[in-house]
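Chemist: Just passing along the structure, written as structure tokens.
The values are calculated or read from the model by the stated rules, or taken from the named source; none is laboratory data. Everything numeric here is computed off the predicted structure, so don't read it as measured data. Cβ: placed from backbone, ideal geometry, glycine included. Neighbour counts: every protein chain shown.
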Amino acid sequence: MIDDMFVFNAVAHAYNMGDDNIPNSHYANRLRDGLVHLHMRQGDFAMDAAGQCTDWPIEVLARSLFLESDCDMAATHTLRLDSWFHDGLCRREKTIEAVNRWPQRFVGYVGVDPTLGLEVCLDDLDQQLDEMPTAVGLKLYPSQVNPHRSWRMDDESLAFPLFERARKRGIRTVAVHKAAPFGPVPIAPFRVDDIDLAADAFPDMAFEIIHAGLAFTEETAMLLALFPNVYANFEVTSALINTNPAQFETVMATFLRQGGSEKIIYSDGTMVLHSQPILEKFRNYRLKDETLEKFNIPQITNQDIANILGLNYAKILGVDVDQAKAAIADDEFARERARTGIQEPFSNWRAHLADTKMEIA
């Protein structure tokens, strides 16, 4: 918690960026290079490329979140970037490990690749939900490479039966990667013009636009205004508060004007980014006077900040915040945090690499 505000990080990852997970593909190399660069923009505490280009353990992710930052809970996703990385970048075993070892701290998302066809997806979804029946979300990517192929969220013969099966199996939210193309690939699949019909057809499910505001900001804002079950997930977008504050201010004002603070979900993508510098800046964030006048909106309040940091996401998932706080009050992370105070950014990652004799910065 930060000043008694419950922090529920809606996207956290333990990537496998090791050389043996990279196919012989310029797409994979460009994506990994982009993630390395994104991480290193954080400054002196960032890991070097050698440290990043490893298989990140779930335990290090947990310690980075709950000992080095004010995050209370987090969602970790099974990723199906199967045409970029041999194991999809975050393999399902990691998600299962997180939710089984620390159910009081993690919720999990399953992931499928719709470009493989409906029957393959349905079988895959059922298998993953049998392995992890507590899963709360479904994570999707709009395209794959080698060859380029894509699908749409409003496809009534592919997407809708998938959502129907997910809903029947207890999935509460669908998170789709948008607004951030992976290097030199077609941009069209990363637009948000296929969300509306899906949201309308499944009003009892939430739809998270991941990386909302990195591109297509006005279109995203319109969706927030029109559909009560569409949300802006701030993975990576949240880092703009430090790296590009002017863009962050525009995105925040646009979304607040159209959807209000109830439609924005905090996330950052730890460990590729670190939560704490973002949380510290966001806790007391206020819009400039000229922005308030330009967008004709009121100033952000503490309640708005609390909504974004955790209350909105908890409501989507049906998480009782008071019960969640009680569950983590004296767990292993809380006890260690009480002994050590907040730990240095990525200190646990560095310690892991030192223990495994990896070369680090």
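Chemist: Which ones in the stretch 1-25 are over 21 Å from Ala74 (Cβ atoms) and either basic (Lys, Arg) or without any contact (Cβ under 8 Å) to a residue 12 or more places away in the chain (or both)?
Modeler: Asn24 - this is the single residue of the stretch 1-25 that is over 21 Å from Ala74 (Cβ atoms) and either basic (Lys, Arg) or without any contact (Cβ under 8 Å) to a residue 12 or more places away in the chain (or both).
Chemist: A further question follows. Among the residues of the stretch 180-221, which ones are assigned to a loop (DSSP other than H, G, I, E, B) and closer than 25 Å to Lys315 by Cα?
Modeler: The answer is Val192, Asp194, Phe202, Pro203, Asp204, Met205, His211, Ala212, Gly213, Leu214.
Chemist: Is one or more of the residues making up the stretch 150-166 surrounded by fewer than 17 Cβ atoms within 10 Å (Cβ to Cβ), among the charged types (D, E, K, R) and under 30 Å from Met271 (Cβ atoms)?
Modeler: Checked the stretch 150-166: no residue is surrounded by fewer than 17 Cβ atoms within 10 Å (Cβ to Cβ), among the charged types (D, E, K, R) and under 30 Å from Met271 (Cβ atoms).
Results for (1) buried (at least 23 other Cβ atoms within 10 Å of the Cβ); (2) in contact (Cβ under 8 Å) with a residue 12 or more places away in the chain, shown as yes or no for each residue.
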| site | (1), (2) |
| --- | --- |
| Arg63 | no, yes |
| Leu67 | no, yes |
| Glu93 | no, no |
| Ala98 | yes, yes |
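Chemist: Among the residues of the stretch 189-226, which ones are under 22 Å from Ser157 (Cα atoms) and either in contact with a Pro (Cβ under 9 Å, 6 or more places away or on another chain) or of a type in the set (S, T, N, Q) (or both)?
Modeler: Pro189, Phe190, Arg191, Asp194, Ala199, Pro203
Chemist: Working only within the stretch 115-158, note down all residues that are in a helix (DSSP H, G or I) and touching a residue at least 24 places away in the same chain (Cβ under 8 Å).
Modeler: Selection gives Thr115, Leu118, Cys121, Leu122, Leu125, Asp126, Gln128, Leu129, Glu131.
Chemist: Could you grab the pairs with beta carbons closer than 8 Å, sequence gap of 6+ or different chains, first residue in the stretch 236-247 and modelled with pLDDT of 95 or more, second one of a type in the set (Val, Ile, Thr)?
Modeler: Close Cβ pairs satisfying both conditions: Thr237/Val251; Ser238/Ile278; Ala239/Ile278; Leu240/Val251; Ile241/Ile278; Asn242/Ile278.
Chemist: Yes or no: the stretch 159-175 includes at least one residue that is among the hydrophobic types (A, V, I, L, M, F, W, C) and under 25 Å from Leu35 (Cβ atoms).
Modeler: There is at least one residue in the stretch 159-175 that is among the hydrophobic types (A, V, I, L, M, F, W, C) and under 25 Å from Leu35 (Cβ atoms).
Chemist: It is to be established whether one or more residues within the stretch 136-143 are touching a helix residue (DSSP H, G or I) at 6+ places or on another chain (Cβ under 7 Å) and surrounded by fewer than 18 Cβ atoms within 10 Å (Cβ to Cβ).
Modeler: No: the stretch 136-143 contains no residue that is touching a helix residue (DSSP H, G or I) at 6+ places or on another chain (Cβ under 7 Å) and surrounded by fewer than 18 Cβ atoms within 10 Å (Cβ to Cβ).
Chemist: Would it be correct to say that Arg257 is in contact (Cβ under 8 Å) with a residue 24 or more places away in the chain and of a type in the set (Lys, Arg)?
Modeler: Judged against the criteria, Arg257 is a match.
Chemist: Within the stretch 333-350, identify whether any single residue is of a type in the set (Gly, Ala, Ser) and under 27 Å from Met17 (Cβ atoms), and answer yes or no.
Modeler: Checked against the condition, which is being of a type in the set (Gly, Ala, Ser) and under 27 Å from Met17 (Cβ atoms), the stretch 333-350 yields at least one hit.
Chemist: So, one more: So Val236 clears everything in (1) over 30 Å from Val60 (Cα atoms); (2) in contact with a Gly (Cβ under 6 Å, 6 or more places away or on another chain); (3) crowded, with 18+ Cβ neighbours inside 10 Å except one condition, right? Which one?
Modeler: Condition (1) is where Val236 drops out.
Chemist: With the stretch 243-361 as the region, which helices (runs of 4 or more DSSP H) entirely inside it contain at least 1 residues that are surrounded by fewer than 17 Cβ atoms within 10 Å (Cβ to Cβ), over 21 Å from the mean Cα position of the chain (by Cα) and not β-branched (Val, Ile, Thr)?
Modeler: Those helices (runs of 4 or more DSSP H) span 245-258, 289-295, 302-306, 321-328, 332-340, 347-355.
Chemist: Filter the stretch 69-91 down to residues that are among the small types (Gly, Ala, Ser) and closer than 19 Å to Ile171 by Cβ and give me whichever is surrounded by the fewest Cβ atoms within 10 Å (Cβ to Cβ).
Modeler: Gly88
Chemist: Which residues, counting only those in the stretch 43-58, are at pLDDT 95 or above and not aromatic (Phe, Trp, Tyr)?
Modeler: Scanning the stretch 43-58 gives Ala46, Met47, Asp48, Ala49, Ala50, Gly51, Gln52, Cys53, Thr54, Asp55, Pro57, Ile58.
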